[in-house]
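**Q** One structure follows; several queries about it will come next.
The values are calculated or read from the model by the stated rules, or taken from the named source; none is laboratory data. Here the structure is a predicted model, which is why all the values come from computation and not from measurement. Quick reminder, even Gly has a Cβ in these numbers, built from the backbone with ideal geometry, and neighbours come from all protein chains shown.
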Amino acid sequence: MGLEANGGDKKQLKFLIYGRTGWIGGLLGKLCAEQGIQYEYGKGRLENRTSLESDIASVKPTHVFNAAGVTGRPNVDWCESHKLETIRTNVVGTLNLADVCLQNGLILINYATGCIFEYDSSHTIGSGIGFKEPDTPNFIGSFYSKTKAMVEDLLRNYENVCTLRVRMPISSDLSNPRNFITKIARYDKVVNIPNSMTILDELLPISIEMAKRNLTGIWNFTNPGVVSHNEILEMYREYVDPSFIWKNFTLEEQAKVIVAPRSNNELDASKLKEEFPQLLSIKDSLVKYVFEPNQKKVEA
Ligand SMILES: NC(=O)c1ccc[n+]([C@@H]2O[C@H](COP(=O)([O-])OP(=O)(O)OC[C@H]3O[C@@H](n4cnc5c(N)ncnc54)[C@H](OP(=O)(O)O)[C@@H]3O)[C@@H](O)[C@H]2O)c1
């Protein structure tokens, strides 16, 4: 079966999703239910090729979504001390799934990461010059990012894979500890660096649309522009908690409380914006999808 035979409007969609218990995978299932799209979660483990083949045989999907991966608990520092577990899922597992999908003529929408770049002399902070899709990753400071960059490079060879470079994902659910806003609001101290970020409420429906359009290749999957930690916390104070206060610290001070360095960067989202012209800038998307719905009603 050729790739072009799958999905599209001609055939009824059926999605096979990996990551049932995860944050992004959970949100994706809810969205499919809301949109009336048939879906099932994969039962297999990514490192077990036979289990993926049997999922595909029983579900008969039109598209496969991979929101499975190890991200580390409480954070990516976990990957520094669990390298084989990280390789097993994020490298062996992701490649297995891409390969099984290829052999079954299926597009794989893969939620990957944009945390494989860091500002450099050609992409300086505040310059507005972001990394583009063909750029070679330049951040391998953490084991998590290193393996994600290696896999992204290998996946370039798979014509059936749509790689979505997610960054610092944010959702309207401010009670979720995975949410970037919730994370930084709870930290004792935060750095203050502009970054590209992904508003899931706006972008996950776009990933479904990308499947419908059978799009493949690498995509910077962030809202256009950047926002800094302090700008987000100022919005949080304005919309959610007027008494909110926070403390900043420097990257050097941050380095003392984490194991592996973190990536800070701007990704150029113009390819995504061209495909989806309605895509909002990061600041407008934050207001529309996150802060306005969470705005505390002030008593008259
Ligand atoms: N959250 C972020 O900050 C962020 C940022 C950029 C990119 N991403 C990427 O987006 C993807 C999803 O992230 P998330 O935040 O939704 O992660 P998450 O909440 O940690 O969920 C990960 C999911 O992957 C599943 N999983 C782990 N190992 C597996 C394996 N070997 N086989 C099958 N399923 C497996 C987990 O299931 P079990 O519980 O059953 O193991 C869980 O459902 C990841 O690849 C992540 O790297 C996340």
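**Q** Sort out which residues of segment 99-130 are touching a residue at least 40 places away in the same chain (Cβ under 8 Å), away from the ligand (no atom under 16 Å from the Cβ) and either crowded, with 17+ Cβ neighbours inside 10 Å or not in a loop (DSSP other than H, G, I, E, B) (or both), and write them in order of number.
**A** LEU102, ASN104, LEU106, ILE107, TYR119, HIS123, GLY130
**Q** While we're on this one: Is there a residue in segment 214-236 that is in a helix (DSSP H, G or I) and within 27 Å of ILE17 (Cα to Cα)?
**A** Within segment 214-236, none of the residues are in a helix (DSSP H, G or I) and within 27 Å of ILE17 (Cα to Cα).
**Q** Somewhere in segment 181-196, is a residue part of a loop (DSSP other than H, G, I, E, B) and within 30 Å of VAL100 (Cα to Cα)?
**A** no
**Q** Can you name the condition, by its number, that ILE17 falls short on among (1) within 22 Å of the chain's Cα centre (by Cα); (2) outside any helix (DSSP H, G or I); (3) under 28 Å from ASP135 (Cα atoms)?
**A** (3)
**Q** Hey, another quick one. Determine which member of the set PRO61, PRO134 is under 20 Å from ILE24 (Cβ atoms), away from the ligand (no atom under 11 Å from the Cβ) and part of a loop (DSSP other than H, G, I, E, B).
**A** Step by step, each of PRO61, PRO134 is checked, and only PRO61 is under 20 Å from ILE24 (Cβ atoms), away from the ligand (no atom under 11 Å from the Cβ) and part of a loop (DSSP other than H, G, I, E, B).
**Q** Still on this model: I'd like the full set of residues that are touching a Leu at 6+ places or on another chain (Cβ under 9 Å) and in a helix (DSSP H, G or I), limited to segment 144-163.
**A** VAL151, LEU154, LEU155
**Q** Counting only residues that are of a type in the set (Asp, Glu) and closer than 19 Å to GLY72 by Cα, how many does segment 84-128 have?
**A** Of the residues in that region, 1 qualify.
**Q** Residues ASN176, ASN223: which one is within 15 Å of the ligand (Cβ to nearest atom), polar (S, T, N, Q) and within 24 Å of GLU118 (Cα to Cα)?
**A** None of the others qualify; the one that does is ASN223.
**Q** Suppose the filter is touching a helix residue (DSSP H, G or I) at 6+ places or on another chain (Cβ under 9 Å) and at pLDDT 95 or above; does ILE125 pass it?
**A** No: the conditions fail for ILE125.
**Q** Picking from THR94, THR89, which residue would you name as being touching a helix residue (DSSP H, G or I) at 6+ places or on another chain (Cβ under 6 Å) and among the polar types (S, T, N, Q)?
**A** Matching residue, one of THR94, THR89: THR94.
**Q** Additional query: Read through the list (1) assigned to a loop (DSSP other than H, G, I, E, B); (2) modelled with pLDDT of 95 or more, then give the number of the only condition that PRO177 fails.
**A** (2)
**Q** Among the residues of segment 8-47, which ones are surrounded by fewer than 15 Cβ atoms within 10 Å (Cβ to Cβ) and either near the ligand (Cβ under 9 Å from one of its atoms) or free of Cβ contacts under 8 Å to residues at least 40 places away in the same chain (or both)?
**A** Within segment 8-47, LYS10, THR21, LYS30, ALA33, GLU34, GLY36, GLN38, LYS43 qualify.
**Q** If you don't mind, another one. Looking at this structure, is PHE244 buried (at least 16 other Cβ atoms within 10 Å of the Cβ) and in contact (Cβ under 8 Å) with a residue 12 or more places away in the chain? Spell out how you get there, then give the answer.
**A** Numbers: buried (at least 16 other Cβ atoms within 10 Å of the Cβ): no; in contact (Cβ under 8 Å) with a residue 12 or more places away in the chain: yes.
No; evaluated as a whole, the condition is false for this residue.
**Q** Can you give me the number of residues within segment 135-150 that are touching a residue at least 60 places away in the same chain (Cβ under 8 Å) and surrounded by fewer than 21 Cβ atoms within 10 Å (Cβ to Cβ)? First the steps, then the outcome.
**A** Applying the first criterion (touching a residue at least 60 places away in the same chain (Cβ under 8 Å)) to segment 135-150 yields 139, 141-145, 147.
Next, only the ones that are surrounded by fewer than 21 Cβ atoms within 10 Å (Cβ to Cβ) stay: 141.
Result for segment 135-150: 1.
**Q** Same structure, new question: For segment 87-141, name all the residues that are farther than 26 Å from MET210 by Cα and within 17 Å of the chain's Cα centre (by Cα).
**A** GLU118, PHE139
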